[in-house]
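Notes to accompany the following structure.
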């Protein structure tokens, strides 16, 4: 019988050096079909290439990893998501699994941990870094509620908020998302209403608090 | 069953959504995701047939007019393939003949797109408790009581 072909992976991390190092580490065993450095290119590349697995960071420009991962999972449910991040908060790990992650590994883990995680995930198992308390994550996950109040704004609004917070104008945001500028304005004001904020500064503060962009 | 080594939502209802209107699909995900596990949000019938068997959804919420294939045909083929998920049709068609045809086909729910916000969550919960749901009945009874 033939050996199973190597799993096809995409790596998404805005630190190019780390992404390339990761590629070199994995390539003897897996086929790395693309390396991308922001969430929006991840979305496009993943839908085009339909990988078996995506290794993705959470803090990424243009679209964060949690939102990008969720959108991909809904459209490509067979593609597995493995988060590789500096964020060791159990709440964030729970949120990642809630959105359909199969694995969660910390960047300061040993390289061998990442390999173990990938092998497990490829075989349909899940993996959580031993550096994070599994009981806490399971508990949070089964509380049924998302850890932040982010569910109050819609996915579309979240996407727009990240781009605005990164300094784009409404017109530029409209270009990236292929929407009319009026639609972007509509979502922005609806979201400000929902969140009860009145100024752009308050909106930005909310984005920082949500860890959509770094302070 | 999906083996998740203890990292999973244990008590959640799993939904698969299919609609070729991406805006409606997005709205449905936003509306349903906080309370249920949306295992996939797909925009064509072929993907539903391909993905549904592996995803173990409890419920499939299907548009009747999918781009590549009629929702009725998708439901027929799912049944033939032995997918045990229950089916709710979500559609603009409010004609009673469509409603009857859907239930004849084995669907357990029929929700009008004009009544998503009052009916859909009710429909999901009623059906998961073993019942059936039709927007046609709800609309008729609220008309007669008015």
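Quick note: the coordinates plus some simple rules give every number you see, no bench work behind them. The structure displayed is predicted, hence computed values, not measured ones. Don't worry about glycine lacking a Cβ; one is built from the backbone with ideal geometry, like all the others, and counts go over all protein chains shown.
Things worth noting here:
- Taken over the Cα atoms of chain A, the convex hull encloses 126 Å³ per residue.
- Mean partner shielding of peptide A:95-102, defined as the number of other chain Cβ atoms within 10 Å of each residue Cβ, is 3.
- For the residues of B:12-21, the average number of beta carbons from a partner chain within 10 Å of their own beta carbon is 1.
- Mean per-residue shielding of peptide B:42-48 is 1, counting Cβ atoms of other chains within 10 Å of each Cβ.
- 0 to 90° range, to nearest 10: angle between helix B:71-80 axis and chain B longest Cα axis: 50
- Taking packing as the residue-averaged number of other Cβ atoms within 10 angstrom, the listed peptides B:44-52, A:68-76 run from highest to lowest as A:68-76, B:44-52.
- Between 0 and 90°, nearest 10: helix B:45-55 axis offset from chain B longest Cα axis: 50
- Remark: B:128, A:22 ranked as B:128, A:22, counting other beta-carbon atoms within 10 Å and listing the fewest first.
- Taking the C-alpha atoms only, the angle from helix A:16-26 to the longest principal axis of chain A is near 30 degrees.
- Burial order of peptide ranges B:21-28, B:84-91 (average beta-carbon count within 10 Å, highest first): B:84-91, B:21-28
- Cβ crowding within 10 Å ranks A:195, A:82 as A:195, A:82, fewest other Cβ atoms first.
- Percent of alpha-carbon pairs separated by more than 18 Å within the stretch B:97-146: 29
- Ascending count of other beta-carbon atoms within 10 Å, so fewest first, for A:170, A:86, A:212: A:86, A:170, A:212
- Mean separation of Cα contacts under 8 Å (6+ apart) over length of chain B, as relative contact order %: 18
- Result for chain A in a Gaussian network model with C-alpha springs under 10 Å: among A:184, A:176, A:122, the largest mean-square fluctuation is at A:176.
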